[in-house]
Amino acid sequence: MIFRAALDMESSRSVSDFQGFFHEKVIDYHKNLWYIYHNEKRIRSVTSNRIVHIDLTAFFVSVERILNPDLVGKPIMVAGPPESRGVVTCASYEIRPYGIHAGMPTAQALRKCPIAIRVDSHFHSYAEYSKKVQDFLKSFAPVFEVASVDEFYMDWTGCERLFGGNLKRFAEDIQHTILREFGLPCALGIASNKSVAKIACDHAKPYGVLEIHPGEEAEFLKPLGVEVISGVGEVMEGQLHLRGIRTCGQLAAMDSEYLGRTFGKWGLHVQERAKGRGSEHLTVEREQKQISKEETFASDTRDKAFLNATLHSMTLNVSEQLRAMDLKAQCVHVKLRYSDWVTHTRQITVPPTNDPAFIYQTALKLLDKADERRVTIRLVGMGLSKFLEDCTTINMFRQKEERREWLLKTIDKINHRYDDTLVKVGCGV
Amino acid sequence: MKFTVSQAELSKALARVINVVPTKTTLPVLGNILLKVDDGALTLTATDLDVSVTTKIAVDVKKGGSLTVPSKPLNDLVKNLPNIPLEISADPQFKLLVTCDKGDYRISGESDDDYPALPIIDQKASVKIDAKMLSRMIGKTTFAVSTDTLRPALTGVLFQIVDKEFRLVATDGHRLAKMICRSFESNVKEKLNVVVPTKALTEVAKETRDTISVQVGQNHVRFDMTDAQLYSRILDETYPDYERVIPSNNDKKLTIETQTLVDAFKRVSIFANPITHQVRLSLAKKGLTLSAEDMEGGSTGSEKLAAEYEGDDLQIGYNSQLVLAALNHIDTKETVIAFKSPTSAGVVTPAEQADGEDHMMLVMPVRLND
């Protein structure tokens with residue numbers, strides 16, 4: 001009854017309406033179902049998988065337009081400055097017809113479309129908006145995968161009746177709510193597996209919902225070009241074109257033995273995708289194995305003091321992330337790229353640590369080791385890996401270090417509460 | 001080489017050395033056992049280069065000689081034979097032939113040329129101690145050694161002679177176990193400090209007959225036992241100054257029945273965070289309260305225990321696994337734990353010390369977040 005009441009409400013539902021009506025029931029129902037589904041294979045024959053892929057359309061541009069409403073309707077791109085070799089990270093739909101896409105150097109993009117307005121990126125805001133949308137979506141699907149900052153998967157298997165018997169209509173409701181509440185347009189694809197759901201979503205862009213019913217996957221993919229399949233890169237696409245294979249339908253119909261001989265296991269994998277098959281298992285939580293940061297300089301340099309200062313600010317950043325996760329790292333690595341793109345990396349195993357002073361000293365030594373040439377440097381990066389849980393029992397032989405760890409944690413707390421830069425190490429100011 | 005030996009005797013001798021044979025090695029010959037026959041005796045030797053054991057048994061020698069044979073087939077064969085006389089011989093191609101009523105068995109061996117020689121002990125100190133006592137001391141300390149190979153010194157046990165005390169100390173930085181024995185003989189005039197790897201001590205602890213004589217050399221130490229000799233490399237590392245971290249002024253004293261505390265810790269820690277195992281101890285005149293909560297799981301557990309407590313009220317957090325490991329090595333009815341502050345070590349001791357020994361453990365607390 002409660003669900004019917006919710007569905008019968010007028011179409012202008014707010015986030016809290018949604019969450020109020022559905023949250024607990026959906027979570028309980030879905031958790032039970034998910035449990036049964038994944039533990040008893042017989043359920044498989046009764047229900048078909050319903051995987052939803054949701055993509056926030058031109059996400060960075062949308063956020064920039066929220067932050068600065070003057071940009072609405074204008075041809076903008078989020079990109080680094082052309083004078084410092086910046087690249088486009090997101091282009092608005094207005095300038096896409098000019099052939100501008102993410103990854104293109106800003107200078108080239110401006111040449112192609114001189115009217116484009118360049119906007120600097122604000123990654124903090126993107127993460128914030130992404131988090132808001134994720135929290136909202138999670139109330140409809142406890143089995144939720146974050147594929148990237150603007151792409152998510154939800155498992156709605158067996159939820160048809162719960163969501164009013166029409167998943168497409170329900171998805172549209174969610175889509176409208178996200179636009180109204182967060183100001184973010186998005187597209188949704190619903191299918192029996194992740195691969196088809198993503199392709200359906202790409203088709204529904206910039207603002208639509210496309211549902212591929214069970215058994216119709218192959219039919220839907222048939223006329224589409226092979227490049228829609230994730231895993232078919234430029235090289236493979238060219239190779240397939242050479243063999244006269246242009247559409248997914250042709251790829252699906254190809255002799256798999258021949259495909260296996262030509263492209264190996266990957267070829268067979270791609271063919272499965274072209275037939276409309278794919279994984280329906282969502283990666284609920286991904287274990288973070290490494291924290292790293294790198295920076296490409298505006299102009300190539302050999303200025304030691306500048307390199308060291310860059311390394312220092314990176315160290316502060318990554319060590320704080322590590323402490324926030326209550327972890328310690330046992331491996332420090334440093335990356336260095338010269339102006340001729342020759343890249344050197346060095347790493348070292350250290351006793352478990354999250355102390356920026358120690359990590360910085362280690363990184364400095366590694367940088368010296370890595371820098372074997374007298375060529376200017378265009379990029380420096382550093383990172384931490386091999387994580388250990390921060391053992392909270394005090395070490396009797398390291399009480400001085402323990403006190404320092406306590407101090408660092410307290411500084412983190414102060415910075416977190418007031419301002420990210422309130423307390424800083426001297427040379428980081 | 002040719003000799004006759006009873007299955008029981010040989011099986012016992014093999015059991016003495018087999019544990020030292022490394023399961024994985026880059027030097028294949030270390031997977032073998034060295035058999036040497038001369039002067040009416042068979043000597044068996046096994047080594048992993050860090051620890052070597054050699055044992056001698058009387059056999060009926062027909063012809064002397066030596067070779068090395070893979071330890072596993074020989075040990076498995078002897079273990080599975082009944083107690084009957086075995087005639088063992090080796091041919092010039094280093095094939096070991098075992099003949100008995102049950103059948104004939106042939107094991108391919110190798111010459112002993114490539115087998116590492118036993119270390120020579122350039123003796124600088126010796127200690128003689130009751131085997132039972134040494135075994136007890138090892139048992140009460142080795143549990144606290146570290147597994148962190150980045151600090152090799154802490155992976156072994158410190159053998160120390162100081163102030164007419166023979167001490168064994170082990171620590172991993174979070175807990176420390178110290179056992180002192182006063183009845184021993186030694187030629188050490190002043191001080192002795194050597195760190196012995198744990199693997200060697202686990203073997204030594206199996207010997208509980210008579211006395212054990214410990215010969216300390218420059219790089220190696222030798223344990224002379226009733227029927228075997230064990231050689232071990234000394235860890236050439238500086239042991240941290242453990243005495244500095246043992247608090248002397250812990251003025252808050254908890255006296256409690258050991259088993260009661262162990263049982264309560266086991267129950268309450270079920271509800272602790274599975275990673276930190278953090279249990280909170282609230283100490284007051286009226287007794288001790290143990291509590292734990294798992295923020296993620298949302299479960300909690302708490303128990304009030306009757307105990308004798310002297311000192312100001314105190315809230316202190318511990319990793320329950322460290323406390324339980326320490327309490328498991330207390331063999332008196334009551335345990336005494338002395339505290340000072342929520343961030344300094346708690347000293348765990350038995351309520352009464354046994355004659356001629358002094359047993360204590362330290363457990364470092366967990367910082368409580370409030």
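Here are the numbers for the structure shown:
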item	result
In the stretch A:23-81, residue nearest to A:Ile199 (Cα to Cα) [restricted to those that are modelled with pLDDT of 55 or more and charged (D, E, K, R)]	A:Asp55
Hits in the stretch B:143-163 - residues which are surrounded by fewer than 18 Cβ atoms within 10 Å (Cβ to Cβ), within 19 Å of B:His329 (Cβ to Cβ) and either modelled with pLDDT of 90 or more or within 11 Å of chain A (Cβ to nearest Cβ) (or both)	B:Phe143
Of all residues making up the stretch A:349-388, the number that are out of contact with any helix residue (DSSP H, G or I) (no Cβ under 9 Å at 6 or more places or on another chain) and among the acidic types (Asp, Glu)	2
Residues being hydrophobic (A, V, I, L, M, F, W, C), part of a loop (DSSP other than H, G, I, E, B) and open to solvent by 20 Å² or more (accessible area, probe 1.4 Å) - total across the stretch A:101-141	2
Verdict on B:Ser344 being farther than 24 Å from B:Arg136 by Cα, modelled with pLDDT under 90, small (Gly, Ala, Ser) and more than 24 Å from the chain's Cα centre (by Cα)	yes
Qualifying positions in the stretch A:62-81 - in a helix (DSSP H, G or I) and free of Cβ contacts under 8 Å to residues at least 40 places away in the same chain	A:Pro69, A:Asp70
Which listed residue is surrounded by 15 or more Cβ atoms within 10 Å (Cβ to Cβ) and either more than 14 Å from chain A (Cβ to nearest Cβ) or farther than 30 Å from B:Ala15 by Cβ (or both), from B:Arg209, B:Arg167	B:Arg167
Every residue from the stretch B:241-256 that is out of contact with any Ser or Thr (no Cβ under 7 Å at 6 or more places or on another chain), surrounded by fewer than 18 Cβ atoms within 10 Å (Cβ to Cβ) and over 15 Å from B:Leu314 (Cα atoms)	B:Asp241, B:Glu243, B:Arg244, B:Ile246, B:Ser248, B:Asn249
Pick from the stretch A:396-408, criterion surrounded by 16 or more Cβ atoms within 10 Å (Cβ to Cβ) and at pLDDT 80 or above, ranking: farthest from the other protein chains (Cβ to nearest Cβ)	A:Leu408
Candidate set: the stretch B:314-335, residues that are more than 12 Å from every other protein chain (Cβ to nearest Cβ) and open to solvent by less than 20 Å² (accessible area, probe 1.4 Å); chosen: the one nearest to B:Ile180 (Cα to Cα)	B:Ile330
Subset of the stretch A:142-186 [part of a helix (DSSP H, G or I), closer than 18 Å to A:Ile212 by Cβ and of a type outside the set (Val, Ile, Thr)]	A:Leu167, A:Lys168, A:Arg169, A:Phe170, A:Ala171, A:Glu172, A:Gln175
Residue match in the stretch A:331-341 (condition: away from chain B (no Cβ under 14 Å), of a type in the set (D, E, K, R), open to solvent by 30 Å² or more (accessible area, probe 1.4 Å) and not in a strand (DSSP E or B))	yes
Qualifying residue in the stretch A:271-288 (condition: at pLDDT 85 or above, within 30 Å of A:Thr393 (Cα to Cα) and surrounded by fewer than 17 Cβ atoms within 10 Å (Cβ to Cβ))	no
In the stretch B:287-306, residue farthest from B:Gln259 (Cα to Cα) [restricted to those that are surrounded by 12 or more Cβ atoms within 10 Å (Cβ to Cβ) and of a type in the set (A, V, I, L, M, F, W, C)]	B:Ala292
Of all residues in the stretch B:83-107 being open to solvent by 20 Å² or more (accessible area, probe 1.4 Å) and of a type in the set (A, V, I, L, M), the one that is nearest to B:Thr68 (Cα to Cα)	B:Ala90
Any hit, the stretch A:236-243, residues being in contact with a Ser or Thr (Cβ under 9 Å, 6 or more places away or on another chain), surrounded by 13 or more Cβ atoms within 10 Å (Cβ to Cβ), in contact (Cβ under 8 Å) with a residue 12 or more places away in the chain and of a type in the set (S, T, N, Q)	yes
Positions within the stretch B:338-370 being surrounded by fewer than 17 Cβ atoms within 10 Å (Cβ to Cβ), within 14 Å of another protein chain (Cβ to nearest Cβ) and more than 16 Å from B:Ser320 (Cα to Cα), in sequence order	B:Ser341, B:Asn369, B:Asp370
Residue match in the stretch B:133-140 (condition: in contact with a strand residue (DSSP E or B) (Cβ under 7 Å, 6 or more places away or on another chain) and surrounded by fewer than 20 Cβ atoms within 10 Å (Cβ to Cβ))	no
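For every residue, the table says whether it meets (1) assigned to a loop (DSSP other than H, G, I, E, B); (2) surrounded by 15 or more Cβ atoms within 10 Å (Cβ to Cβ); (3) within 14 Å of chain B (Cβ to nearest Cβ); (4) of a type in the set (Asp, Glu).
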position	(1), (2), (3), (4)
A:Phe358	no, yes, yes, no
A:Asp368	no, no, no, yes
A:Leu379	no, yes, no, no
A:Ser385	no, yes, no, no
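The values are calculated or read from the model by the stated rules, or taken from the named source; none is laboratory data. Keep in mind it's a predicted model, so treat the numbers as computed, not measured. All Cβ positions, glycine included, derive from the backbone under ideal geometry; neighbour counts span all protein chains shown. Ligands, DNA and RNA are stripped out before the accessible areas are found, and what is left, the full protein with its side chains, is counted by its heavy atoms. Shrake-Rupley method; radii C 1.70, N 1.55, O 1.52, S 1.80 Å.
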